[in-house]
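Heads up: the structure comes next, in structure tokens.
The values are calculated or read from the model by the stated rules, or taken from the named source; none is laboratory data. No experiment lies behind these values; they were computed from the predicted model shown. Cβ sites come from the backbone with ideal geometry, for glycine too, and all protein chains shown count toward neighbours. Note: areas computed on protein heavy atoms with side chains; ligands, DNA, RNA excluded. Shrake-Rupley method; radii C 1.70, N 1.55, O 1.52, S 1.80 Å.
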Amino acid sequence: MDIENRKIADRYNQLSNRYDMIDCFIPLRWRRLAVSFSYGRVLEVGVGTGLNFPYYCKQCTEILGTDISTGMLEKAKEKISLCPVPLRLECMNVQDITLESASIDSVLATFVFCTVPNYLQGLRECHRILKPGGKLILLEHMSSDNKLFCSLMNLVNPFALKLINDNINRDTAKAVVNSGFEIERMNNLLGDIVRLIVARKNIMIG
């Protein structure tokens, strides 16, 4: 693991015992909505402490929950019994997913790609491991389409990155398309800075 990713893993290891209190500001209805689009064999990247586990349903056959932080995964183990679908956990970096190509039906990530250093590479890896027509489901905050608000977010981003390791100004929707996906659905949940994106694996990319 390189230095940048090691720093991120260490930071989340330190946060793991209190992360549920931090993440309580995310409405559960957003999580429930995002998880409802998952199906078949699911890869959940950045699984954190397992807050999405209770919302999986019978259209999912198995869940592989991954995270770069072993501390977060230890907390997630405590919630495995809340998941109604067979689930296993594994330490894994989304920028280098150790799964065979075209082996997953759907990929879910909730507030993950704002923290991934090379998020375009992470999205390309999600594209690679999805079966043709497979779904990418993202619950994510991102840059606003409003030019003034976007400029303000660009100014604030260095402070957000330093304080919470969180990029608030990424054009995630554009990155999804550039990674070979076709966006089928995009819902604004908090203005346009928090969005639900459901995208289908479209073209093969080099």
**OP:** Please work out which one of (1) open to solvent by 40 Å² or more (accessible area, probe 1.4 Å); (2) touching a strand residue (DSSP E or B) at 6+ places or on another chain (Cβ under 8 Å); (3) under 16 Å from Glu140 (Cα atoms) is the condition Glu62 fails and give its number.
**Re:** (3)
Subject >> In region 188-206, the residues that are part of a strand (DSSP E or B) and free of Cβ contacts under 8 Å to residues at least 60 places away in the same chain >> reply: Asn188, Leu190, Arg195
Subject >> Leading residue by the ranking (surrounded by the fewest Cβ atoms within 10 Å (Cβ to Cβ)) among those in region 135-168 that are part of a helix (DSSP H, G or I) and of a type in the set (Val, Ile, Thr) >> reply: Val156
**OP:** Please identify the pairs in which a residue from region 113-139 that is free of Cβ contacts under 8 Å to residues at least 60 places away in the same chain has its Cβ atom under 6 Å from the Cβ atom of a residue that is open to solvent by less than 10 Å² (accessible area, probe 1.4 Å) and assigned to a loop (DSSP other than H, G, I, E, B), counting only partners at least 6 apart or on another chain.
**Re:** Tyr119/Phe113; Leu123/Ser179; Glu125/Ile97
Original post:
Does Gly71 meet the test of being under 23 Å from Glu4 (Cβ atoms), outside any helix (DSSP H, G or I) and among the small types (Gly, Ala, Ser)?
Top reply: no
Original post:
Under the condition of being polar (S, T, N, Q) and part of a helix (DSSP H, G or I), which residue from region 169-185 is nearest to Leu15 (Cα to Cα)?
Top reply: Thr172
Subject >> Selection count where residues are touching a residue at least 12 places away in the same chain (Cβ under 8 Å), touching a helix residue (DSSP H, G or I) at 6+ places or on another chain (Cβ under 9 Å) and open to solvent by 90 Å² or more (accessible area, probe 1.4 Å), scope region 74-83 >> reply: 2
Original post:
Just wondering, is there one or more residues in region 127-134 that are open to solvent by 10 Å² or more (accessible area, probe 1.4 Å), under 15 Å from Val45 (Cβ atoms) and among the basic types (Lys, Arg)?
Top reply: yes
Original post:
Cβ-Cβ below 7 Å, separation at least six or inter-chain, first residue in region 150-175 and under 17 Å from Glu4 (Cα atoms), second open to solvent by 30 Å² or more (accessible area, probe 1.4 Å) and assigned to a helix (DSSP H, G or I): which pairs?
Top reply: Asn165/Arg11; Asn167/Leu161
**OP:** Could you tell me whether region 20-31 includes any residue that is touching a strand residue (DSSP E or B) at 6+ places or on another chain (Cβ under 8 Å), open to solvent by 50 Å² or more (accessible area, probe 1.4 Å), within 26 Å of Leu190 (Cα to Cα) and not small (Gly, Ala, Ser)?
**Re:** no
Original post:
Which is in contact with a Lys or Arg (Cβ under 8 Å, 6 or more places away or on another chain), of a type outside the set (Asp, Glu) and within 30 Å of Pro132 (Cα to Cα), of Gly46, Gly50?
Top reply: Gly50
**OP:** Test Tyr56 against the criterion of being open to solvent by less than 30 Å² (accessible area, probe 1.4 Å), farther than 20 Å from Val116 by Cα and of a type in the set (Phe, Trp, Tyr), and give yes or no.
**Re:** yes
Subject >> Matching residues in region 35-53 - criterion: being within 19 Å of Ala199 (Cβ to Cβ), of a type in the set (A, V, I, L, M, F, W, C) and open to solvent by 40 Å² or more (accessible area, probe 1.4 Å) >> reply: Phe37
